[in-house]
Amino acid sequence: MEQKVEKKSNNSMRRLARLAAVQGLYQIALSPEPVDALIRRFGENPSVLLQEERTVVAVDVALFGKIVSGVSEHQADLDAMIAGAVDARLSADRLEPLLKAILRAGTFELLHCADIPEGVIVNDYIDVAHGFFDAKEPGLVNAVLDRLAKKLRSS
């Protein structure tokens, strides 16, 4: 029984790390800040990116750092993968910055976090999209990440 509680806690910590990573990536896109400085600030005080989350008890700071630094390091490759998975009628270049941050983070995790089930990654980023968008964007996140999950995790 105790193990289930710990696992649920780890899932919550990862969800918060994903939300914070998307917010951090968006912040970097709008007003460039060195990635290592953002990761350090977040590690010292997670509320710098999770101000709206009143119940922040613990967050997976390591996952946050891995996502933010990984997306920054592999952004061109991630963007190429996303462009290949977006509906042909929609240009990946025209996606708004927050949506790009969500898709980049999700794609990075699908590619570089094989220990995390693809369904968990896709669902968590859909939830992040629902937190910021009301319209079609969560469906787009679902479609793109699901398409990429099948391609990247099929082997």
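Stretching Arg40 away from Asp77 to a fully extended chain increases their span by 10.8 nm, per 0.36 nm per residue minus the current alpha-carbon distance. A crude spin-label estimate for the pair Ser31 and Asp87, with each label 7 Å from Cα along the Cβ direction, gives 3.5 nm. Calculated [222 nm] ellipticity per residue, helices only, for the chain: -23500 deg cm²/dmol; basis is -39500 (n - 2.57) per DSSP H run with n ≥ 4, divided by all residues, nearest 500. In this rough spin-label picture, where each label sits 7 Å from Cα along the Cβ direction, the Asn11-Ser69 distance is 2.8 nm.
Annotation: extensible slack from Asp134 through Val120 equals 2.9 nm (criterion: 0.36 nm per residue apart, minus Cα-Cα distance).
Only the coordinates and a few stated rules stand behind these numbers; no lab work does. In this text, all values refer to a predicted model and were calculated from it rather than measured experimentally. Here the Cβ is made from the backbone with ideal geometry for all residues, glycine too, and neighbour counts use every protein chain on show.
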